[in-house]
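The values are calculated or read from the model by the stated rules, or taken from the named source; none is laboratory data. Every value quoted in this text rests on a predicted model; they were computed, and no experiment measured them. Every residue, glycine among them, receives a Cβ derived from its backbone with ideal geometry; neighbour counts consider all protein chains shown. Calculation scope for accessible area: heavy atoms of the full protein, side chains included, ligands and nucleic acids excluded. Shrake-Rupley method; radii C 1.70, N 1.55, O 1.52, S 1.80 Å.
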Amino acid sequence: MLRFTKIWFFLLLLAQGLSAQDFYLQDSSYNKYRLPSIVIGPAFTSYKGDYNSKDIFFNANFNKGLSVACEYRVKDFLGVSLTGVFSKLTQNEKDIPSRNFRTNLLEISARGIFYLDNNITMKRGMGLSTFLFVGAGIMSHNAMGDLKDSQGRSYFYWKDGTVRDQAYDPENPLGGTIIQRDYEYETVLDTSNSVSNMSMVIPVGLGLKFKVSDRIETNVMLSYQFTGTDYLDFYHPEQDKGIFKGNDGYWNCMITIQYNLGGKAFMSDEDVHYQNVDFAVLETDNDEDGDGVEDIKDKCAGTPQGVAVDSKGCPPDSDNDGIPDYEDKEPNSVAGAQVDNYGVTITEQMMYEYYVRDSLLTAGYYPEDMKKPEGDNKNPYSYLDKDTQAENKTGNQGNGTNYTKPNLTAGEEFFSVQVSSSANRVEDEYFFKNFNIKDKVYVSEVNGLYKYYIGKFKTKQEADDFLYNIKNNYYLDNSFVSSVNSNQISQEMVVSEQFISDYLAQKAAKSNKVPEIKEISADQSGLVYRVQISSRAVKLPPEFFLEKYNISDEVFESFQDGAYKYSIGRFKTYKQARDYNIEFQNQYNLKGTYVTPYNNGLRITVQEALKIQQE
């Protein structure tokens with residue numbers, strides 16, 4: 001008992017040491033104990049009575065049971081509970097010949113609990129606290145004995161430690177048959193019903209409470225149950241007199257889980273500070289790219305339909321080169337290798353040739369293997385032979401209102417590059433206005449969805465090469481090669497030369513000002529919302545935004561997660577930025593643009609921005 005007391009005292013000191021740590025922040029209006037708590041867990045009971053009464057730990061039997069309680073904290077320092085314990089008590093005594101017992105125990109008691117985490121003795125916000133309790137109740141018991149084996153032979157305990165079927169006879173020390181106990185407790189000890197099997201009980205004890213969260217707590221409790229009977233074991237020495245003098249009792253250790261019905265989930269400092277923020281305005285159910293991940297959680301917006309993604313909305317990248325598998329032309333790149341936009345390893349020689357070529361083009365000089373484009377510095381067909389160019393350029397000139405039927409052979413199979421899809425048929429001039437594409441566009445309609453293709457190629461390799469140029473020159477990141485049957489194509493979209501001439505003249509008259517690209521880090525301090533309109537692996541020229549979106553105002557650039565992010569606008573509230581984003585998407589028939597907040601030049605989440613505005 002002394003050893004157990006020392007351990008308990010150590011736990012109490014530990015509880016006091018943790019009292020300085022304020023694990024759970026509570027405001028004055030919040031009380032997690034405002035509703036009752038449900039408590040349940042195992043109970044371990046041990047008999048203390050007329051058998052082996054000197055030492056509970058070395059001679060007692062510990063029995064497993066169940067404890068259930070409903071607890072209510074009335075005040076900071078006071079609570080009440082209704083507790084039920086279902087268990088057993090057993091003991092064996094060789095000093096009293098052939099005596100042992102087991103009793104089924106049912107205890108129901110009302111208890112008063114005195115909490116020490118009352119902000120006087122201990123801080124209430126600590127993660128570990130102690131309490132004392134005392135109660136009164138009733139219990140039922142029915143003492144049974146294991147006095148005979150399965151064959152009905154009575155047990156006799158001999159001094160040599162054996163159990164035999166007859167009493168010890170000094171004249172015949174080898175007599176009797178050795179038998180084994182079966183521990184069935186088959187014999188009713190009170191055969192005449194002379195003793196009541198009901199008794200009062202007074203539990204007195206202390207407990208240790210571990211506060212896992214505002215809802216969940218665990219308790220370790222130790223109590224001694226004083227009873228009003230000396231017949232738990234159905235053995236009553238003559239010297240035991242009085243109500244409690246000499247009465248049997250028992251120890252009860254309970255390890256329970258407590259669920260506070262009035263508690264909240266764990267609340268950190270920020271949760272408490274911003275618990276009144278309304279995050280419903282974030283519209284977290286939006287999923288623009290249809291990949292099953294909400295936009296606010298999607299780290300890879302604009303994933304093409306049909307591409308598998310992880311929980312963050314990002315497609316798999318087997319070789320970890322930064323290029324998703326569905327775009328990776330070299331799926332097993334060496335770890336750490338520098339790759340291009342298609343996941344192909346860039347050698348030093350390739351890099352040298354690229355910069356030489358780029359410098360020549362910038363200066364207006366064209367390498368011998370590249371045909372100089374006629375009036376269009378972004379013509380992706382320039383590297384193709386003349387026959388291929390002619391096949392992709394020919395066709396009737398549409399006027400934007402009367403759809404042109406395709407001039408294709410029925411059932412013809414070919415490869416093409418799908419550049420877009422939409423629920424509504426876009427105008428013939430759409431791809432020219434937005435991407436400066438002047439070439440024939442094939443249109444198919446399947447189940448109410450329009451798909452748009454550019455180019456007609458006999459082999460997939462030709463289509464892949466064309467796709468590479470499409471992405472680099474027209475910035476169509478979501479385009480891909482597709483096998484097409486001419487029977488799928490229902491229309492052709494061709495922009496007339498007259499429309500191109502008129503459109504360019506109107507555009508020049510409207511604005512010739514190229515937008516200024518500003519780094520986010522150089523922007524003014526404070527919280528601001530913007531609309532991100534593009535994310536690329538390489539820097540975009542200012543002309544791109546003028547030509548594609550007719551943007552002549554400032555465009556903000558930041559580099560994050562290996563990509564250049566481009567955003568527009570300065571908005572004070574999330575709603576203003578969101579409304580502008582919707583208007584921008586409708587104007588250019590776009591998806592994948594979204595609101596991005598910045599605080600002091602650093603990009604943050606929308607939740608963090610809304611929290612800052614609440615301060």
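Structure data summary
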read-out	value
3J(HN,Hα) from dihedral phi, region 184-189, Karplus parametrisation 6.51/-1.76/1.60, rounded to Hz, x for glycine, proline	8, 6, 8, 9, 6, 6
Amide N proximity, region 546-577 versus LYS539 label position 7 Å along Cα-to-Cβ, cut-off under 12 Å	557-559, 564
Listed residue pairs exceeding 21 Å between alpha carbons, taken from LYS329/LYS548; LYS451/LYS591; LYS312/LYS611	LYS329/LYS548; LYS312/LYS611
Peptides ranked, highest mean first, by Cβ atoms within 10 Å: ranges 431-440, 540-549	431-440, 540-549
Lys, Arg +1 and Asp, Glu -1 on Cβ, resulting dipole of region 83-174 about Cα centre, debye, nearest 20	500 debye
Cut-off 15 Å (backbone N to label point 7 Å along Cα→Cβ of ALA423), residues of region 284-314	286-291
Karplus 3J(HN,Hα) series, Hz, for region 417-423 with 6.51 cos²θ - 1.76 cosθ + 1.60 (x for Gly, Pro)	9, 7, 9, 5, 8, 7, 6
Approximate shape of region 414-470 as ellipsoid semi-axes (Cα gyration tensor, √5λ), whole Å, largest first	20, 15, 8
Cut-off 9 Å between beta-carbons: net charge of the residues surrounding ASP321, Lys and Arg +1, Asp and Glu -1	-4
Stretchable slack from GLN576 to SER501, in nm (0.36 nm times residue separation minus alpha-carbon distance)	23.3 nm
Solvent-accessible area per residue for region 151-220 (1.4 angstrom probe, square angstrom)	59 Å²
Value of Rg to Rh for region 151-213 (Rh from inverse mean 1/r over Cα pairs, i.e. Kirkwood)	1.30
Charge dipole (region 544-615, unit charges on Cβ, about Cα centre) - positive-most of TYR588, THR605, LEU546	THR605
By average C-beta atoms within 10 angstrom, highest first, the peptides 109-118, 585-594	109-118, 585-594
Approximate spin-label separation ASN487-ASN589, in nm, with each point projected 7 Å along Cα-to-Cβ	2.8 nm
For q = 0.12, 0.16 Å⁻¹, Debye-computed log10 I/I(0) when each Cα of region 65-162 counts as one equal scatterer	-0.62, -0.79
